[in-house]
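Taking it in order: structure first as structure tokens, then the write-up.
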Amino acid sequence: MDELWKKIERGQFSPLYLLYGAEDYFIQKTKQKLLDHALTPEEADFNYASYDLEEVPVETAVEDAETFPFMGERRLVIAHHPFFLTAEKQKQKVEHQLDKLEAYVKSPAPYTVFVLVAPYEKLDERKKLVKLIKKQAATFQAKKLNERELEGWLVSRAAEEGCRIGRKAVEHLVSLAGTNMNALDHEINKLALYAGSGNEITDGMVEMLTARSLEQNVFELVEKVVHRRIDEALRIYYDLLKLNEEPIKILALLAGQFRLIYQTKELARRGYGQQQIASYLKVHPYRVKLAAGQAGLFSADELNRIMALLADSDYQMKSGGLKKEMIIEMFLFQLHEMKAK
């Protein structure tokens, strides 16, 4: 990633780029670097184009890439969602002439930077077109970072902003803001501005300034209930309602959290490690770490009963019998009574 970015910053462009993977932060950052360095703002008005290949045939993007630049030395063409590079069966809204793309990849226009952005975890390596593009293009896979990599990245981001941040503050930041790198990047920028260049971002600053993600609020809500602090749990819930969070969304996140706790507990019982569980469930390792901590607070029987309560709450919410806000309150009280026993 660093090598790719340095080449872009030095103006050493490849005529073809393939950006793929599940970590949106790295893809967006690379796109922005290409925009900043391949074209001036004045050139971008005439020589930049972006296409969504779920809506537009790929040959349209190829034809644009083959067009000579106007009032500049190069064009930048970015084509998003080339789902035909994956193994997924998808009903196509448009027909793509992939032979046109294949011909272009074999002989790309020297005056165009053509970028394929595939926000998918995997491509179908068996496909001839995928093999060809990987051979011809500058390829970057935007992988999700594991816990240690994420913490190291936050330390380096703080350093880029002229600040220091210790491990305790980093862990606290991730626990509050979640693992979305775009959100974490925003929080680091804010914290560094508050701390000032040359200073340390402290744990206290993180606690005071970091915006809690909705997922983190739901996690804390569960923590409060299982530790029999129902008043604090309800306060979090009422605060979410004041922020106009929909009860059905909160319920869905509660169900997702308990489902993760249940799956983590069961897989750990079978001998899986946390990294293996994260890979198997396709979730961030940090979420598995948190779920593993909560899994120890419940028996398998309790989790089964909780999943049944959540299913019943979901049915009540969709059938419209009770106020949606009240359904979640009832679930929280039922959960509190279960732990009290």
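Data table
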{"quantity": "Calculated P(r) of region 10-92 - Cα pairs past 23 Å, %", "calculated": "26 percent"}
{"quantity": "Top of Ala292, Ala308, Ala142 by mean-square fluctuation, Gaussian network on the chain, Cα under 10 Å", "calculated": "Ala308"}
{"quantity": "Order of exposure, largest accessible area first, which applies to Arg74, Arg259, Arg270 with probe 1.4 Å", "calculated": "Arg270, Arg259, Arg74"}
{"quantity": "The chain - accessible surface per residue (Å², probe 1.4 Å)", "calculated": "53 Å²"}
{"quantity": "Amide H within-cut-off set for Tyr51, under 5 Å, with H built and near neighbours excluded", "calculated": "Ile78, Ala79, His80"}
{"quantity": "Amide proton proximity set for Lys144, modelled H, under 5 Å, gap of 5+", "calculated": "Ala22, Glu23"}
{"quantity": "Links that overshoot a 19 Å alpha carbon limit, given the list Lys282/Lys324; Lys29/Lys89; Lys6/Lys168; Lys265/Lys289", "calculated": "Lys282/Lys324; Lys29/Lys89; Lys6/Lys168"}
{"quantity": "Carbon and sulfur %, accessible surface of region 175-246 computed with the full protein complex present, 1.4 Å", "calculated": "49 percent"}
{"quantity": "Heavy atoms of Lys128 accessible to a 1.4 Å probe, total area in Å² rounded to 10", "calculated": "140 Å²"}
{"quantity": "Share of carbon and sulfur in the accessible heavy-atom surface of region 1-123 [1.4 Å probe, %]", "calculated": "50 percent"}
{"quantity": "Residue of Gln28, Gln257, Gln12 that the Gaussian network model of the chain assigns the largest fluctuation, springs spanning Cα pairs under 10 Å", "calculated": "Gln12"}
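The values are calculated or read from the model by the stated rules, or taken from the named source; none is laboratory data. Because the structure is a prediction, the values reported are computed rather than measured. For the accessible areas, the whole protein counts, side chains as well, though only heavy atoms, and no ligand, DNA or RNA atoms are used. Shrake-Rupley method; radii C 1.70, N 1.55, O 1.52, S 1.80 Å.
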